[in-house]
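Just so it is clear, none of the values below were taken in a lab; they were calculated from the coordinates. Just so it is clear, the structure is predicted and the values come from calculations on it, not from any experiment. A quick note on method: Cβ atoms are made from the backbone with ideal geometry, for glycine too, and the neighbour counts reach across all protein chains shown.
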Amino acid sequence: LTERRQSPEAIGEAVKWHPFRVKKAQEALHRWSSGHVMRALEAISEAEQALKGSGLPDALVMERLLAKLAAL
């Protein structure tokens with residue numbers, strides 16, 4: 001939707017986000033390469049799997065995820 005030049009309001013309505021949140025996400029997109037986005041998605045996926053089946057405390061899994069995302 002961003003590539004189609006939709007307004008933050010229109011995008012927010014489509015994804016059920018507040019327009020301010022959409023605007024902040026759009027700003028963040030300009031700072032991240034596609035490689036960064038892919039690595040972030042991989043880290044999130046790994047964290048989701050760990051939350052569901054690793055037996056580790058949820059807080060630890062989330063701390064690890066935040067550390068990985070901060071290092072990107």
The relative contact order of the chain, taking Cα pairs under 8 Å that sit 6 or more residues apart, comes to a percentage of 21
Limiting things to C-alpha atoms, what are the Rg and the maximum Cα-Cα separation (Dmax) for the chain, in angstroms? 15.1, 44
Treat each spin label as a single point 7 Å out from the Cα along the C-beta direction, and report the S7 to R21 distance in nm. 2.0
Put a dot 7 Å past each Cα toward the Cβ at H36 and K52; how far apart are the dots in nm? 2.8
Convert each backbone phi in segment 30-43 into a coupling constant with the Karplus relation 6.51 cos²θ - 1.76 cosθ + 1.60 (shift: θ = phi - 60°), then list the ³J(HN,Hα) values in order as whole Hz, x for Gly and Pro. 6, 8, 10, 7, 5, x, 4, 4, 5, 5, 5, 5, 5, 5
From the phi angles alone, apply the Karplus equation (6.51, -1.76, 1.60; θ = phi - 60°) to segment 21-26 and give each ³J(HN,Hα) in whole Hz, x where the residue is Gly or Pro. 5, 4, 4, 5, 5, 5
